[in-house]
1. Per-residue counts of other Cβ atoms within 10 Å, averaged by peptide: what ranking do you get for 27-38, 51-62, highest first?
2. What relative contact order, as a whole-number percentage, does the chain give when Cα pairs under 8 Å and 6 or more residues apart are counted?
3. What does the C-alpha gyration tensor say about the overall shape of region 2-62? Classify as rounded when a/c is under 1.5, otherwise prolate if a/b is larger than b/c, or oblate.
4. Could you work out the helix-only [θ] at 222 nm for the chain, with each DSSP H run of four or more residues adding -39,500 (n - 2.57) and the total divided by the number of residues, to the nearest 500 deg cm²/dmol?
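Values quoted throughout were computed directly from the atomic coordinates according to the rules given, and no laboratory measurement underlies them. Bear in mind the structure is a predicted one, so any value in this text is a computation, not a measurement. Every residue, glycine as well, gets a Cβ built from its backbone with ideal geometry; the counts of neighbours run over all protein chains shown.
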């Protein structure tokens with residue numbers, strides 16, 4: 001699976017210092033760069049904790065098919 005951020009929906013809900021998804025991620029796979037949430041895919045374990053906490057459903061877990 002792959003985590004994607006819908007930047008049209010994302011409003012950095014916790015403010016610029018610590019959005020909720022970054023705070024909730026147990027793997028430190030999310031970070032804030034240039035006022036955008038960025039996913040470091042090799043750290044992400046697809047637990048979807050960030051998706052559950054997102055109040056605007058801006059985080060999408062997509063299934064990758066080969």
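1. Working: 27-38: 13.5, 51-62: 15.1.
The densest-packed peptide leads the list: 51-62, 27-38.
2. Relative contact order comes out at 45 percent.
3. Rounded, because the longest to shortest axis ratio a/c is under 1.5.
4. Numbers: 2 runs with 10 residues, N = 66.
Helix contribution divided over all residues of the chain: -3000 deg cm²/dmol.
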